[in-house]
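Comments concern the structure below.
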């Protein structure tokens, strides 16, 4: 499971690396010198929601409009590349919502690791690779599968909410990232997370 988690987190991090090529700026970039003051603190993006039916990939979800697909090469601990699927959208230049998933690896690669260890590793790797510290964390169960919610913040004021769901051998990661606390609406994050539903195709036990 550790390799699966590492591949998926690598994809999440790479979407921020590729933001320059996508013509946008990074919500988690910058330094403490760029922390906004009250006078110029970013406001929440205006969001138009749409339902996304990805039943073939095991889920449905509501996300802001103008969703794009991407496949990102992420690297295993042995250095080999595997493709990770992701859908993402930017309701403004500094706010992003994404869902990424890694699917159906050979079971023998992961049978020595527990569910909690997998989710711990995914959380820790996401925080480390985005240079964020954890603000909060909670554990839950989503449609019979273990889930982990956590919030990370970096020194520049960027903040993200993430939800991990391990459905059998498929790991999903939902991420909503913002340039500052002032740009985040809790109700938008909650709507995004709560709209995510696993379909029959997700059950790769």
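The values are calculated or read from the model by the stated rules, or taken from the named source; none is laboratory data. Not measured: the values here are computed from a predicted model. Note: ideal-geometry Cβ built from the backbone for every residue, glycine included; neighbour counts use all protein chains shown.
Scanning segment 25-42 for residues that are part of a loop (DSSP other than H, G, I, E, B), loosely packed, with under 14 Cβ neighbours inside 10 Å, under 21 Å from the mean Cα position of the chain (by Cα) and at pLDDT 50 or above turns up nothing.
Condition test on residue 113, is it assigned to a loop (DSSP other than H, G, I, E, B) and at pLDDT below 90?
Working: assigned to a loop (DSSP other than H, G, I, E, B): yes; at pLDDT below 90: yes.
Yes.
Taking into account only those residues within segment 166-188 that are crowded, with 20+ Cβ neighbours inside 10 Å and assigned to a helix (DSSP H, G or I), which is modelled with the highest pLDDT? Looking at residues that are crowded, with 20+ Cβ neighbours inside 10 Å and assigned to a helix (DSSP H, G or I), I get 188.
Tally time: how many residues in segment 121-147 are under 16 Å from residue 166 (Cα atoms), buried (at least 16 other Cβ atoms within 10 Å of the Cβ) and out of contact with any helix residue (DSSP H, G or I) (no Cβ under 7 Å at 6 or more places or on another chain)? Number satisfying all stated conditions: 4.
Within segment 128-151, the set of residues being within 19 Å of residue 191 (Cα to Cα) and part of a strand (DSSP E or B) comprises 136, 137, 138, 139, 140, 141, 142, 147, 148, 149, 150, 151.
Checked against the criterion of being modelled with pLDDT of 90 or more and under 20 Å from residue 63 (Cα atoms), the candidates 93, 162 yield just one match: 162.
Looking only at segment 189-205, which residues are part of a strand (DSSP E or B) and closer than 19 Å to residue 63 by Cα? Hits for segment 189-205 are 197, 198.
Taking every residue in segment 126-146 that is under 28 Å from residue 179 (Cβ atoms) and pairing it with any residue that is modelled with pLDDT under 80 and part of a loop (DSSP other than H, G, I, E, B), at least 6 positions away or on another chain, the pairs with Cβ-Cβ distances below 8 Å are 130/28; 131/28; 132/28. Residue 192 meets the stated requirement of being crowded, with 20+ Cβ neighbours inside 10 Å, under 13 Å from residue 99 (Cβ atoms) and out of contact with any helix residue (DSSP H, G or I) (no Cβ under 8 Å at 6 or more places or on another chain).
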